[in-house]
Amino acid sequence: PQPVYLSDYQPPDYLVTHTELTFDLDPTATRVKARLHIERNPAAALSAPLVLDGENLTLVSLGLDGTALEERDYVVSDTTLRIEHVPERFCLESEVEIDPNSNTALEGLYRSSGMYCTQCEAEGFRRITYYPDRPDVMATFKVTVIGDPAREPVLLANGNRVEQGERDGRHFAVWEDPHPKPCYLFALVAGDLCKTSDRFTTQSGREVALEIWVEEENLDKTGHAMASLKRAMAWDETTYGREYDLDLFMIVAVNDFNMGAMENKGLNIFNSAAVLTHPDTATDAAFQNVEGIVAHEYFHNWSGNRVTCRDWFQLSLKEGFTVFRDQCFSADTNSAPVKRIQDVSFFRTAQFAEDAGPTAHPVRPDHYIEITNFYTLTIYEKGAEVVRMLCNLIGWEAFRRGADRYFERFDGCAATIEDFVGCMEDASGERLDQFMRWYSQAGTPEVDAFGEYDYVHGEYRLTLRQRTPATPGQNEKLPLHVPVRLGLVGTKSGQDLTLTLDGESLGKEGVIHLRQAEQTFVFENVAEAPVPSLLRGFSAPVLLHYPYSREELAFLLTHDSDGFNRWDAGQRLSMLALDDLIAAHRNGVEKVMDTRVVEAFRTLLDGEVSDKAVLAEMLTLPTEAYIAEQQRIVDVDAIHAAREFMRQSLAVALRDEFIATYEANASDEPYAPTPEQIATRSLKNVALAYLMAIEDAKGLELCQAQFAAGRNMTDVRQALTLLVHSDRQDLAAPALKTFGEKWAHDSLVMDQWFTVQVTRPQPDVLERVEYLMDHPAFSIKNPNKVRALIGAFTQNRVNFHRLDGQGYRLLADVVIELNRLNPEIAARLITPLTRWQRFDESRQALMRQELARIKKEPLSSNVYEVVEKALA
Ligand code: B3K
Ligand code: ZN
């Protein structure tokens with residue numbers, strides 16, 4: 001496979017103005033007729049041949065302006081259809097046959113639980129018909145779907161249904177989408193589905209019908225998605241002035257889906273895990289996830305669909321911006337500080353790891369082999385951080401003006417990242433050329449900060465130094481424009497001090513701009529010695545080092561006015577203590593708990609923090625994955641032992657406080673996914689986890705009672721997890737059995753049942769994974785199952801990284817099988833093996849050995865690209 005380069009971009013030679021498709025559905029032999037109204041791009045050479053993309057298609061017939069083409073008129077290869085001479089403007093008629101049943105890659109048209117559905121982004125449409133499969137070719141679509149009235153009574157496509165009827169024992173529906181779109185936004189769904197309906201009136205008075213289509217047994221699980229959709233529609237009107245533009249908006253739930261969901265115009269297709277919720281089957285986290293994904297896909301209607309990407313290198317143009325939009329929506333709807341804490345802790349664990357590994361790439365990559373491999377944390381989450389920085393740099397008002405300008409100027413167009421940033425420059429008058437480096441430079445910048453207080457002159461000098469480590473293919477890095485939001489917290493007053501920089505007052509909190517490799521900022525009139533609170537709200541996606549003492553961190557933990565940084569101070573304090581424990585474990589000396597951490601937690605539990613959701617986060621120790629990210633060579637076992645020791649020490653020292661917290665937050669209220677209830681449950685369940693860390697009688701009693709009460713899935717799953725992860729298998733086994741039998745009919749709950757079992761720290765897990773792979777509820781063809789069982793196992797650090805290499809071997813076996821069935825999922829699953837550089841020599845050797853074994857297979861371009869980079 002050969003890479004594609006951004007620098008090779010050429011506008012299309014031919015444009016499609018209107019696309020007419022007719023699908024005659026059949027499980028193994030669907031016929032697709034296409035009539036493409038094509039025009040030569042005025043910019044293209046007169047002699048340009050017509051080259052269309054096509055894969056896994058059987059060509060039945062081809063015609064041009066009503067005349068059948070002979071075989072000598074065109075050339076068909078594995079990936080293209082080429083016609084050497086075509087007129088300036090013409091209609092191309094083709095008919096192909098495809099096989100939805102055997103489509104296990106879940107790209108193009110496939111069947112899931114007997115229903116037909118499509119996934120076309122990024123390059124799936126070429127598996128449906130011959131077409132210029134690129135986002136800068138935009139056409140209006142008219143789609144006829146013909147199916148069996150009994151097997152697929154519901155026939156859906158994008159836009160508005162303009163006709164339906166029956167003919168020769170079959171039935172059909174005709175759909176028209178008036179908005180020109182690239183083919184990656186095309187969608188079709190056909191099956192035996194039921195809907196829930198609702199309405200939304202837009203700010204300009206358009207009546208929109210809302211429909212969520214599901215299998216009949218899931219009709220009671222659509223309420224939260226529908227409510228989320230309406231909130232998202234209203235939010236986009238009030239926040240961005242964007243309203244919906246069709247009379248119908250549909251969501252469909254599909255059981256086999258490679259990712260969360262897809263923003264097809266007017267017909268969003270969702271992984272059922274990302275749309276279905278019920279208090280008995282979905283946890284609070286799942287409810288919040290559904291809300292965020294429904295909003296994300298809806299927001300794409302403007303940031304993605306009305307304005308799309310010129311080419312796939314610009315993917316973050318729509319994804320980074322849309323993630324930023326959905327993050328802000330969720331922050332407005334729930335606890336804003338907790339949303340930020342959760343996003344950042346995930347980001348610093350997973351995106352930082354991506355940046356530090358062999359697949360590191362910029363927010364706008366300059367080449368790729370397989371675009372499907374670039375739906376990454378860097379494109380999505382780092383892209384969102386970059387947009388957030390832009391917004392903070394120029395201020396919300398200018399940002400909003402820039403967004404208006406962008407949506408107006410590029411409506412109906414395929415745009416670039418320069419177009420977007422250009423609108424922000426125009427709207428703000430700010431020069432953003434240095435800022436553009438965030439898009440082209442890969443890797444996590446590290447910022448070293450040092451502060452000195454000068455009593456005599458009342459000055460505080462803050463020196464910031466930045467460097468970005470080399471990443472594959474990018475050795476030289478230039479300084480970035482890093483906005484650092486900060487406060488100086490007075491050690492006597494405990495208050496934010498007024499910031500004066502170069503004679504100008506910034507108020508109690510300010511943003512300083514680090515643009516050079518090293519810069520010193522001198523704050524004047526600083527009345528007392530401060531502790532700096534740096535990078536508030538994670539104002540830039542960097543790794544910040546500051547030599548805080550534990551006393552300073554304990555001070556910030558209780559005094560910082562920024563909720564995010566208060567939490568971060570707690571994490572840093574825990575990290576210092578964990579470092580000591582890790583060292584003790586490695587040196588074989590007795591572990592001693594740092595009492596400052598215990599006292600800090602005691603203060604928290606004594607009611608220092610009023611937002612329970614924030615408190616629950618503050619009481620949660622950094623994850624093993626996050627701790628590992630802080631080490632150059634990861635010691636899996638020492639990390640686990642240290643963190644367990646700390647959890648147990650805290651539980652022993654604060655047992656009464658945790659019991660009190662548990663009891664104060666237990667409630668009989670009927671379940672609602674409100675921020676208040678979610679906060680209360682998370683605090684209660686954090687307390688329960690500490691109590692179960694020591695498995696004493698009280699903890700076990702509360703845990704068993706919580707499981708047995710079965711109030712909602714959040715509480716039940718937490719109780720089940722704590723039992724299964726404890727050493728009390730006598731209690732865990734019956735609970736698992738009860739749960740598994742009760743929910744055997746519910747695939748999404750069974751996914752949770754798999755995950756709970758394969759994330760336990762005890763050493764019997766690998767055998768459990770193998771056993772569960774043969775369980776009737778498991779299927780390697782279903783991506784949710786693969787993620788719930790295999791994906792979850794690879795996150796079980798002590799077991800996946802077993803010293804005998806069996807964890808790696810198991811993963812490689814699955815990857816080899818999935819490489820044939822579903823290359824997109826296979827390539828994603830390999831990720832943990834690509835991080836071999838971070839482990840000790842014997843694990844490195846074992847991981848590389850498995851990568852090499854995978855490499856010997858006949859590989860898909862997806863897996864090839866990842867393995868190649870990992871072994872480079
Ligand atoms: N745009 C889709 C992702 C498609 C990925 C295809 N391999 C989902 C989203 O970001 O909203
Ligand atoms: Zn998206």
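Readers should treat all values here as calculations from the given coordinates under stated rules, not as data from a laboratory. None of the values given here were measured: they were computed from a predicted structure. Reconstructed Cβ throughout: ideal geometry from the backbone, glycine too, with neighbour counts over all protein chains shown.
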Tell me, which longest segment in the chain has none of the GluC sites (Glu not before Pro) that fall in DSSP loops with at most 10 further Cβ atoms within 10 Å?
89-475
For the chain, find the longest principal axis of its Cα atoms and tell me its angle to the long axis of helix 315-333, 0 to 90°, nearest 10.
50 degrees
By a straight-distance test (C-alpha under 18 Å), which lysines pair with K698 as possible cross-link partners, with residues fewer than eight away in the same chain excluded?
K684
Once you sort the root eigenvalues of the Cα gyration tensor of the chain as a ≥ b ≥ c, which label holds: rounded (a/c under 1.5), prolate (a/b larger than b/c) or oblate (the other case)?
prolate
Using alpha-carbon positions, what is the distance between the centroids of the stretch 388-408 and the stretch 419-437, in Å?
10 Å
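Taking neighbour counts of Cβ atoms within 10 Å as a proxy for exposure, in what order, fewest first, do W836, W302, W396 appear?
W396, W836, W302
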When S726, S102 are ordered from fewest to most other Cβ atoms inside 10 Å of their Cβ, what list results?
S102, S726
Relative contact order as a percentage, the stretch 145-262, C-alpha pairs under 8 Å and 6+ apart, gives 22 percent
When the Karplus curve 6.51 cos²θ - 1.76 cosθ + 1.60 is applied with θ = phi - 60°, which whole-Hz ³J(HN,Hα) does each residue of the stretch 545-560 get, with x for Gly and Pro?
10, 9, x, 5, 7, 5, 5, 5, 5, 4, 5, 5, 4, 9, 10, 4
For the stretch 760-826 and the stretch 631-682, what is the centre-to-centre distance using only Cα atoms, to the nearest Å?
27 Å
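Exposure proxy check: T378, T104, T834, T520 ranked by fewest other beta carbons within 10 Å?
Ranked by crowding around the Cβ, least crowded first: T520, T104, T834, T378.
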Checked the stretch 563-871 against the a/c 1.5 cut and the a/b vs b/c comparison, axes a ≥ b ≥ c from its Cα gyration tensor; verdict oblate
Going down the list K181/K230; K339/K612; K382/K855, which pairs span over 20 Å between their C-alpha atoms?
K181/K230; K382/K855
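Counting other Cβ atoms within 10 Å of each Cβ, which trypsin sites (Lys or Arg not before Pro) in the stretch 112-181 have at most 14 and sit in a DSSP loop?
Within the stretch 112-181, the qualifying trypsin sites (Lys or Arg not before Pro) (loop, at most 14 other Cβ atoms within 10 Å) are R151.
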Once label points are set 7 Å from the Cα along Cα→Cβ at both D8 and E767, what is their separation, rounded to one decimal in nm?
5.2 nm
